[in-house]
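Just so you know, all these numbers are worked out from the coordinates, no wet-lab data involved. Please read these numbers as outputs of a predicted model, since none were measured by experiment. Heads up, the Cβs are rebuilt from the backbone with ideal geometry, glycines too, and the neighbour counts pull from every protein chain shown.
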Amino acid sequence: EDALNSVPSHLRAGSLATGATPWQTAMWIVLPTAASGVFSAIMMGFGRAVGETMIVVMAAGNTPIMEWNIFSGLRTLSANIAIELPEAVKDGTNYRVLFLAALTLFLMTFFINTLAELVRQRFRKRAFQL
């Protein structure tokens, strides 16, 4: 909402003054101009959804065995780390695999956030060209 409200009013007024409908103004002027903020909001929501651990454990069924049927339950990587790490023997194989899983999760999050930032900058650069 903030991203859509931050679009300068002169862009909306100019579009409407040239005969564009409100729908055309929203689709071709407002949305492209606010795309960086909208994309950032979507990515923040996605990051929060991925980061939530315990609610996902309860909602997904906490099944450590993954099957092809998505309705039979699953366990996310962050939930697996949270559940198994307290019981892992220090410097044991399971302990090291859990840390490898944490590193993998960190790298995936870092990659997705970096990619999201690059796309956001591209949208912002394109919005300032209008």
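Using helices alone, what [θ] at 222 nm do you get for the chain, with -39,500 (n - 2.57) per DSSP H run of 4 or more residues, divided over all residues and rounded to the nearest 500?
About -20500 deg cm²/dmol.
Kirkwood hydrodynamic radius, computed over distinct alpha-carbon pairs, for the range 52-121: how many Å, to one decimal?
13.7 Å
Under a crude label model (7 Å from the Cα following the beta-carbon direction), how far is residue 107 from residue 93 in nanometres?
Distance between the two pseudo-spin positions: 2.1 nm.
In whole percent, what relative contact order does the chain give with Cα contacts below 8 Å and a gap of six or more residues?
29 percent
Of the labelled options (i) 45, 17, 10; (ii) 27, 19, 12; (iii) 60, 30, 11, which one gives semi-axes √(5λ) of the Cα gyration tensor in Å as computed for this structure?
Evaluating semi-axes √(5λ) of the Cα gyration tensor in Å on these atoms matches (i).
State the extension gain, in nm to one decimal, for the chain segment bounded by residue 83 and residue 41, taking 0.36 nm per residue of separation less the distance between their alpha-carbons.
12.1 nm
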